[in-house]
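The values are calculated or read from the model by the stated rules, or taken from the named source; none is laboratory data. Computed from a predicted structure; not experimentally measured. Please note: Cβ atoms are built from the backbone with ideal geometry, for glycine as well, and neighbour counts cover all protein chains shown. Ligands, DNA and RNA are stripped out before the accessible areas are found, and what is left, the full protein with its side chains, is counted by its heavy atoms. Shrake-Rupley method; radii C 1.70, N 1.55, O 1.52, S 1.80 Å.
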Amino acid sequence: MERILVMNLGSTSSKIAVYEDDKELFSQTLRHSKEEMSAFDDVLEQFDFRKEKIYEAMKEHGIALDSLTCACSRGGNILACPHGAIGIDQAMIDYLTRPDDTSRHASLLGSMVAFDLAGEFGIPALIYDAIGTDEKQPVARVSGVPELPHFTVGHTLNTRAMAIKCAEEKLGKKFEECNFIVAHLGGGSSIRLYKNGVNIDSVNDDDGNFTPERGGGVGAKALVDMCFSGKYSHKEMARKFHGNGGFKAHLNTTDAMEVEKMIEDGDEYAKMIYDAMSYSIAKDIGKLAVVVSGDVDRIILTGGIARSDYVCDYIKKMVEFIAPVEVMAGEFEMEALAAGALRVLRGEEELQDFGKIAEESVDRLRIVPGVEPGTAPAKYFE
């Protein structure tokens with residue numbers, strides 16, 4: 001029997017759970033106050049604090065550290081990689097903690113905790129369906145600005161888990177035999193096209209629909225003018241699109257249910273913004289359907305906002321002509337981490353090597369053979 005610790009650490013919370021095989025023994029979200037977080041200037045400084053809180057919670061639930069047979073984390077913002085399980089080693093930790101990284105995400109701390117447990121107890125430590133999972137096909141990478149190719153980043157863990165679940169439980173087929181468009185709808189969003197088990201294209205929340213707190217895609221010329229207007233710092237512009245955009249900018253809230261209450265109370269502007277978000281999500285779904293000529297088995301709506309009948313009904317009316325829509329509301333990241341780790345422990349799935357992935361990363365993102373990603377001159381695309 002396997003006993004697996006799974007961790008999904010966010011900026012102000014630490015989600016942890018322990019599974020025996022596929023049975024959850026306990027699950028808990030540890031909340032961290034602004035006062036606690038204000039004591040740290042950098043994510044890495046939080047490591048000892050977060051680890052201690054996780055260990056205390058396990059002790060309270062009667063889980064001894066030496067009873068674990070595996071530790072699995074959501075990971076961190078690692079370099080572009082394929083889906084699945086990747087072993088946590090010193091090279092990965094060195095990459096996640098490199099001094100020049102200006103976009104550290106708290107999820108990397110879970111990898112560090114797992115690595116510590118591996119060193120102390122000799123158990124496997126891994127990440128699964130990392131934030132940096134990027135399997136976009138080469139033709140989908142090309143933009144009109146060679147320095148700015150398209151990438152995939154975000155919600156691989158939940159979108160892939162829901163696609164697998166839909167294939168097996170709704171269609172009675174293998175995931176690798178199906179085509180899915182999966183829209184993860186939350187504070188941030190991403191919409192994925194899975195063709196025969198591979199995420200060949202996507203719309204990220206910085207180039208597509210806006211969300212409760214993200215600005216979404218905007219006109220490039222207007223954005224350039226705004227950046228160089230002298231009115232905003234780099235940090236202020238970044239926050240306009242990541243944290244202070246979307247509902248926050250229009251309605252001064254990030255709570256979708258609060259927006260629905262505004263609509264019920266007759267707020268026409270709130271209705272326009274809510275409809276515009278739903279409209280843009282549906283449009284992005286249609287955009288991805290074109291890539292497979294409409295050959296889509298199911299469209300899946302997941303994430304927290306998929307709990308909204310208003311949003312789901314709006315999107316359904318626009319996209320059901322493409323394929324049936326399955327609403328799989330909520331986030332199932334903890335279950336997905338545990339299931340992925342269990343497949344590795346049972347020998348059903350390969351544990352990939354980070355060093356090899358790092359070596360292959362440049363080729364994975366390369367658009368033109370022999371030309372470094374993001375540096376190709378325009379002549380290569382003529």
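Would you call Gly355 in contact with an Asp or Glu (Cβ under 7 Å, 6 or more places away or on another chain), closer than 22 Å to Ile131 by Cα and either of a type outside the set (Asp, Glu) or surrounded by fewer than 18 Cβ atoms within 10 Å (Cβ to Cβ) (or both)? Reasoning before the result, please.
Numbers: in contact with an Asp or Glu (Cβ under 7 Å, 6 or more places away or on another chain): no; closer than 22 Å to Ile131 by Cα: yes; either of a type outside the set (Asp, Glu) or surrounded by fewer than 18 Cβ atoms within 10 Å (Cβ to Cβ) (or both): yes.
So Gly355 does not fit the description; no.
Testing Met1 on (1) within 22 Å of the chain's Cα centre (by Cα); (2) in a loop (DSSP other than H, G, I, E, B); (3) among the hydrophobic types (A, V, I, L, M, F, W, C), one condition comes back false. Which one is that?
(1)
Need pairs with beta-carbon distance below 6 Å; first residue β-branched (Val, Ile, Thr) and within the stretch 232-250, second surrounded by 14 or more Cβ atoms within 10 Å (Cβ to Cβ); sequence gap 6+ or separate chains.
none
Please tell me if Lys174 is open to solvent by 10 Å² or more (accessible area, probe 1.4 Å) and in contact (Cβ under 8 Å) with a residue 60 or more places away in the chain.
Working: open to solvent by 10 Å² or more (accessible area, probe 1.4 Å): yes; in contact (Cβ under 8 Å) with a residue 60 or more places away in the chain: no.
For Lys174, the condition - open to solvent by 10 Å² or more (accessible area, probe 1.4 Å) and in contact (Cβ under 8 Å) with a residue 60 or more places away in the chain - is not met.
Could you check the stretch 71-114 and list, in sequence order, the residues that are under 26 Å from Met58 (Cβ atoms) and β-branched (Val, Ile, Thr)?
Listed by number, the residues that qualify are Ile78, Ile86, Ile88, Ile93, Thr97, Val113.
Among (1) within 21 Å of Gly10 (Cα to Cα); (2) not in a loop (DSSP other than H, G, I, E, B), where does Arg192 come up short?
Checking Arg192 against (1) within 21 Å of Gly10 (Cα to Cα); (2) not in a loop (DSSP other than H, G, I, E, B), the one that fails is (1).
Residues are listed down the side, and each one gets a yes or a no for (1) outside any helix (DSSP H, G or I); (2) modelled with pLDDT of 90 or more; (3) under 19 Å from Phe354 (Cβ atoms); (4) among the aromatic types (Phe, Trp, Tyr):
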residue	(1), (2), (3), (4)
Leu126	yes, yes, yes, no
Ile131	yes, no, yes, no
Val153	yes, no, yes, no
Arg160	no, yes, no, no
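Which of the residues that make up the stretch 318-333 are of a type in the set (A, V, I, L, M, F, W, C), open to solvent by 20 Å² or more (accessible area, probe 1.4 Å) and outside any strand (DSSP E or B)?
Within the stretch 318-333, Met318, Phe321, Ile322, Phe332 meet the criteria.
Go through the stretch 129-186 and give me each residue that's of a type in the set (Lys, Arg) and more than 20 Å from Asp205 (Cβ to Cβ).
First, pick out the residues of the stretch 129-186 that are of a type in the set (Lys, Arg): 136, 141, 160, 165, 170, 173-174.
Residues satisfying the conditions are Lys165, Lys170, Lys173, Lys174.
Working carefully through the options Ile305, Ile273, find the one that is touching a residue at least 12 places away in the same chain (Cβ under 8 Å) and more than 23 Å from the chain's Cα centre (by Cα). Explain how you work it out, then say what you get.
Details: Ile305 fails: more than 23 Å from the chain's Cα centre (by Cα).
Sole residue among the options that is touching a residue at least 12 places away in the same chain (Cβ under 8 Å) and more than 23 Å from the chain's Cα centre (by Cα): Ile273.
Surrounded by fewer than 18 Cβ atoms within 10 Å (Cβ to Cβ) and either closer than 30 Å to Ser111 by Cβ or at pLDDT 95 or above (or both): is that true of Gly370 in this structure? Spell out the reasoning first.
Working: surrounded by fewer than 18 Cβ atoms within 10 Å (Cβ to Cβ): yes; either closer than 30 Å to Ser111 by Cβ or at pLDDT 95 or above (or both): no.
No; evaluated as a whole, the condition is false for this residue.
Considering the stretch 56-95 alone, what residues qualify as being buried (at least 24 other Cβ atoms within 10 Å of the Cβ) and either free of Cβ contacts under 8 Å to residues at least 40 places away in the same chain or touching a strand residue (DSSP E or B) at 6+ places or on another chain (Cβ under 7 Å) (or both)? Full working, then the answer.
Taking the stretch 56-95 as the starting set, the residues that turn out to be buried (at least 24 other Cβ atoms within 10 Å of the Cβ) are 71-76, 81, 86, 88, 92.
Correct list: Ala71, Cys72, Ser73, Arg74, Gly75, Cys81, Ile86, Ile88.
Taking interchain pairs and intrachain pairs at least six residues apart, which have beta carbon atoms under 9 angstrom, with the first residue in the stretch 214-225 and within 20 Å of Ile191 (Cβ to Cβ) and the second open to solvent by 80 Å² or more (accessible area, probe 1.4 Å) and among the charged types (D, E, K, R)?
Arg214/Asp206; Gly215/Asp206; Gly216/Asp206; Gly217/Asp206
Please go through the stretch 321-359 and give me each residue that is free of Cβ contacts under 8 Å to residues at least 12 places away in the same chain and farther than 25 Å from Cys70 by Cβ, ordered by number.
Answer for the stretch 321-359, where residues must be free of Cβ contacts under 8 Å to residues at least 12 places away in the same chain and farther than 25 Å from Cys70 by Cβ: Phe321, Glu359.
Kindly establish whether Glu35 is at pLDDT below 90, in a helix (DSSP H, G or I) and out of contact with any Phe, Trp or Tyr (no Cβ under 9 Å at 6 or more places or on another chain).
Numbers: at pLDDT below 90: yes; in a helix (DSSP H, G or I): yes; out of contact with any Phe, Trp or Tyr (no Cβ under 9 Å at 6 or more places or on another chain): yes.
Yes: the conditions hold for Glu35.
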